[in-house]
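Here's the structure we're looking at; comments come further down.
The values are calculated or read from the model by the stated rules, or taken from the named source; none is laboratory data. Not measured: the values here are computed from a predicted model. All Cβ positions, glycine included, derive from the backbone under ideal geometry; neighbour counts span all protein chains shown.
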Amino acid sequence: MTMHEYLAKVPITRDQIQRKVLDFMHGRNDCALVGAWAVNLYVPLEDERLTADIDLVATNQGVLAELIWAHLVSNFSADFKLMPYADMVRIFFSLKPVVDVVQVPTLPEVNRIEAIPVVTLEELIAMKRKAIADRGHTPKGLTDQADLMRLEMVQEQRRKHA
């Protein structure tokens, strides 16, 4: 829960929404978790960071986004909005994005963590490098740099123990 949600006495918090989205992803083969949620699954618990939304890649983002939207609507008595953009579909709750589904031609290589498809560590590192190249001098670019540093530390630890 964020301080804003607490102060506004929001009846449905982001963590409740995120839990439902992650539950929905169990066993799926048409999408993969990317972004901060994926980073958090690879880094040590003490290095996790909070994030406001869940980022996914999918081979049919429109269909997947509609399915997630329907899942959220059926689980909460709330108004979720579905907004298509050029290469993604974004799901909003209370004027804030809670899920981004980005279109990809084919899914990257994934690992299954608790039955949730997550891009591999190597794929995630490559994605973070691209994000830094695209938006390196922005606040999100700085977050990408911190994520990349944490992921590379995990990768180095794995090499040492292999």
Answer yes or no as to whether D134 is touching a Lys or Arg at 6+ places or on another chain (Cβ under 7 Å) and in a helix (DSSP H, G or I).
no
Would you confirm whether any residue within the stretch 121-128 is farther than 19 Å from M153 by Cβ, touching a residue at least 60 places away in the same chain (Cβ under 8 Å) and among the aliphatic types (A, V, I, L, M)?
no
Test: residue in the stretch 146-162 that is in contact with a helix residue (DSSP H, G or I) (Cβ under 6 Å, 6 or more places away or on another chain), in contact (Cβ under 8 Å) with a residue 40 or more places away in the chain, part of a strand (DSSP E or B) and closer than 21 Å to T2 by Cβ
no
Looking only at the stretch 59-89, filter to residues that are out of contact with any helix residue (DSSP H, G or I) (no Cβ under 8 Å at 6 or more places or on another chain) and crowded, with 16+ Cβ neighbours inside 10 Å; which one of those is farthest from E109 (Cα to Cα)?
W69
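Table: residues versus (1) within 19 Å of E123 (Cβ to Cβ); (2) β-branched (V, I, T); (3) at pLDDT below 95.
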| position | (1), (2), (3) |
| --- | --- |
| N29 | yes, no, no |
| V34 | yes, yes, no |
| R49 | no, no, yes |
| L56 | yes, no, no |
Within the stretch 38-55, can you find the residues that are within 16 Å of I116 (Cα to Cα) and without any contact (Cβ under 8 Å) to a residue 24 or more places away in the chain?
N40
Here are some residues: E109, E114. Which one is at positive phi, surrounded by fewer than 17 Cβ atoms within 10 Å (Cβ to Cβ) and not aliphatic (A, V, I, L, M)?
E114
So, in the stretch 63-87, exactly how many residues are touching a strand residue (DSSP E or B) at 6+ places or on another chain (Cβ under 7 Å) and at pLDDT below 95?
2
I need the full set of residues from the stretch 1-19 which are assigned to a helix (DSSP H, G or I), farther than 17 Å from I113 by Cβ and either among the aromatic types (F, W, Y) or touching a residue at least 12 places away in the same chain (Cβ under 8 Å) (or both), in order please.
Y6, R14, D15, Q16, I17
Unique match (being among the small types (G, A, S) and under 17 Å from W37 (Cα atoms)) among A86, A131
A131
Residue check, R19 against (1) of a type in the set (D, E, K, R); (2) surrounded by 15 or more Cβ atoms within 10 Å (Cβ to Cβ); (3) within 16 Å of F93 (Cβ to Cβ), all met but one. Which one?
(2)
Taking the stretch 88-113 on its own, how many of its residues are touching a strand residue (DSSP E or B) at 6+ places or on another chain (Cβ under 6 Å), in contact (Cβ under 8 Å) with a residue 40 or more places away in the chain and closer than 21 Å to E5 by Cα?
5
